[in-house]
Amino acid sequence: MDYYVGLDVSLRSVAVWVIDVDGKRVFERTAECEIDDIVRCLEELPASRLRVGLNFPERAASPNFYMHAV
C-alpha cells in the first residue's frame, strides 16, 4: 500500500503525518529533528512506497540539505 508522509520541519522537532491513499490518517507523531528519529518513526509503516512532502519555516536551513539527508 502507498502512504503519503507530511513532514513539518522546525528547528528542534519534526511533526510527522501519514495518510493512506484514501486520505485516512494512519498516524501523527512528533520526532526530534534528527534523520535517525524520523526514519525510526517511518519504519512502523508496512509500506511498499512512501511519498514525502516537506514544509520548512522561513528561517530554516536550505530545503536542499534536508532533501538530500532524507
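Observations on the model:
- Under a 5 Å amide H cut-off, with hydrogens placed 1.01 Å from N, Cys33 pairs with Ser13, Val14 among residues at least 5 apart or on other chains.
- Compared with the alpha-carbon gap, the fully stretched path from Met1 to Glu44 is longer by 14.1 nm at 0.36 nm per residue.
- Calculated from backbone phi, Karplus (6.51, -1.76, 1.60) coupling profile of region 6-23 in Hz, x at Gly/Pro: x, 10, 9, 8, 10, 6, 10, 8, 10, 8, 10, 10, 10, 10, 8, 5, 8, x
- For Val52, nonlocal amide neighbours, meaning residues 5 or more places apart or on other chains whose placed amide H falls under 5 Å from its own, are Val5.
- Approximating the spin labels as points 7 Å out from Cα along Cα→Cβ, the Arg12-to-Glu32 distance works out to 1.3 nm.
Read-outs throughout are calculated quantities, based only on the coordinates presented, and are distinct from any laboratory measurement. Bear in mind that the values here come from a model prediction, so they are computed numbers and not experimental data. Neighbour counts are summed over all protein chains in view; Cβ atoms, including those assigned to glycine, are modelled from backbone coordinates with ideal geometry.
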